[in-house]
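Below you'll find the structure, written out as structure tokens, and then a few comments.
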Amino acid sequence: MSIHAPEYVRKIAPYQAGKPISELAREYGLQPERIVKLASNENPLGIPQSARDAMAAAVADLGRYPDSNGFELKAAISKRYAVPQDWITLGNGSNDILELAAHALLQPGCSAVYSQYSFAVYALATQETGARAIVVPARELGHDLDAMRAAIASDTRLVFIANPNNPTGTFLPADRIAAFLAAVPRDVVVVLDEAYNEYLEPALRFDSSRWLSDHPNLIVSRTFSKAYGLAGLRVGFGLAQAELTDLMNRVRQPFNVSSVAQAAAIAALDDDAFLERSYELNRDGLARLQSAFREMGLEYVPSYGNFVLVRVGDAAAVYEGLLRAGIIVRPVANYGLPDWLRVTVGLPEENDAFLEAFARVMGR
Ligand SMILES: *Cc1c(COP(=O)(O)O)cnc(C)c1O
């Protein structure tokens, strides 16, 4: 190798995304319209009409750079979450927020703490900076907050928590997170990644932004990619007190959120009817998948997101069998879960198509 890249960069295992529909169509000679993709926790309803209209209007201005400070989107978020505008960071997806936190706070010689089986981007964001990863063993496939608190070292600058977690679908109630925040040293920043928050049933939802005033070391991360149906646009946001927000802004790429994405997000944020429809469709689809797995006698992790992790045995073979039937799900061997598949909740007919093919491939 003649290129001098840092060793910690060479050691990174690149992110493995869900297989795109177009790729499966090419590889297996299938009609793209007949392929069912339940692999990336996307919203099966697609984009809301309100966002579609806002995007169409925004196209006229695409010759210009976006508002780099995202004034109007921040104003909308500020109103919705009752936080000042200088507590808001916009991201190219919430993935960007995770990276901004890592780039602002980590460097070689310090560490980040996250759970085994938590979202793959925590490892990537940590490794990119040359910082050390402290991976805390999971408890029942979820975060063990006591062990995570205990794992914080003197060089730890960042802790990542996914709630609900992907790929396992586990959830930590508000009081557990609050107790964790109270126990963490004030100079250790906690990223609370709530990408699936909108899929929680109302009784479990809590407004974590209310913890921000008491915790200058908290970043709450949210996304428009999941329940809001805008995954392809790449827009998310982080909420944190002004000092942390200012630090993240220093490492933020100018114009990191496109003008079309900003316009769509403003419209989607106001579209309560779409959000409600997404929630209900997911609640029903999740119940359908989980009861089918129960009937098949398969182990699964009761999910609080828009996907279910199910134990199938030889997951690589089952994944392959489903691909041949035109159904894309997500293998999770890269998470250290080679017996499991993650299945995103789809439209009712997509769930049915999956279950029909799944029963066949599983020989049931
Ligand atoms: C999908 C996901 C995200 C972010 O997705 P973006 O599209 O980058 O907003 C963040 N965290 C978790 C746990 C996710 O599953």
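The values are calculated or read from the model by the stated rules, or taken from the named source; none is laboratory data. Keep in mind that this is a model prediction, so the values were computed, not measured. In this analysis, Cβ positions are derived from the backbone assuming ideal geometry, glycine residues included, and neighbour counts consider all displayed protein chains.
Within the set ARG283, ARG222, the sole residue that is touching a strand residue (DSSP E or B) at 6+ places or on another chain (Cβ under 8 Å), of a type outside the set (Phe, Trp, Tyr), under 16 Å from GLU42 (Cα atoms) and not in a loop (DSSP other than H, G, I, E, B) turns out to be ARG222.
Of the residues in segment 96-112, none is crowded, with 23+ Cβ neighbours inside 10 Å, assigned by TED's automatic domain parsing to the domain that holds LEU172, within 15 Å of the ligand (Cβ to nearest atom) and farther than 30 Å from ASP144 by Cβ. When THR245 is tested against (1) within 16 Å of the ligand (Cβ to nearest atom); (2) crowded, with 18+ Cβ neighbours inside 10 Å, only condition (1) is not met.
Looking only at helices (runs of 4 or more DSSP H) that lie completely in segment 118-191, which have at least 3 residues being over 14 Å from the mean Cα position of the chain (by Cα) and farther than 30 Å from ARG10 by Cβ?
Counting at least 3 such residues, we get 145-151, 174-183.
Of all the residues in segment 304-322, those that are under 19 Å from VAL36 (Cβ atoms), small (Gly, Ala, Ser) and outside any helix (DSSP H, G or I) number 1.
Among the residues of segment 192-211, are any outside any loop (DSSP other than H, G, I, E, B), within 16 Å of the ligand (Cβ to nearest atom), under 15 Å from VAL113 (Cβ atoms) and touching a residue at least 12 places away in the same chain (Cβ under 8 Å)? Steps first, answer last, please.
First, pick out the residues of segment 192-211 that are outside any loop (DSSP other than H, G, I, E, B): 192-193, 197-199, 202-204, 208-211.
Checking which are within 16 Å of the ligand (Cβ to nearest atom) leaves us with 192-193, 197-199, 208.
So of that shortlist, the ones also under 15 Å from VAL113 (Cβ atoms) come out as 192-193.
Filter once more, so that each one left must be touching a residue at least 12 places away in the same chain (Cβ under 8 Å): 192-193.
So far as segment 192-211 goes, yes, one or more of its residues are outside any loop (DSSP other than H, G, I, E, B), within 16 Å of the ligand (Cβ to nearest atom), under 15 Å from VAL113 (Cβ atoms) and touching a residue at least 12 places away in the same chain (Cβ under 8 Å).
Contact map, segment 212-228: residues that are without any contact (Cβ under 8 Å) to a residue 40 or more places away in the chain paired with residues that are more than 8 Å from the ligand (Cβ to nearest atom) and among the polar types (S, T, N, Q), Cβ distance under 6 Å, separation 6+ or inter-chain. Pairs shown: PRO216/GLN241; VAL220/SER208; VAL220/SER209.
Taken as a whole, segment 32-39 holds at least one residue that is at negative phi, assigned to a loop (DSSP other than H, G, I, E, B), within 16 Å of the ligand (Cβ to nearest atom) and not assigned by TED's automatic domain parsing to the domain that holds ASP193.
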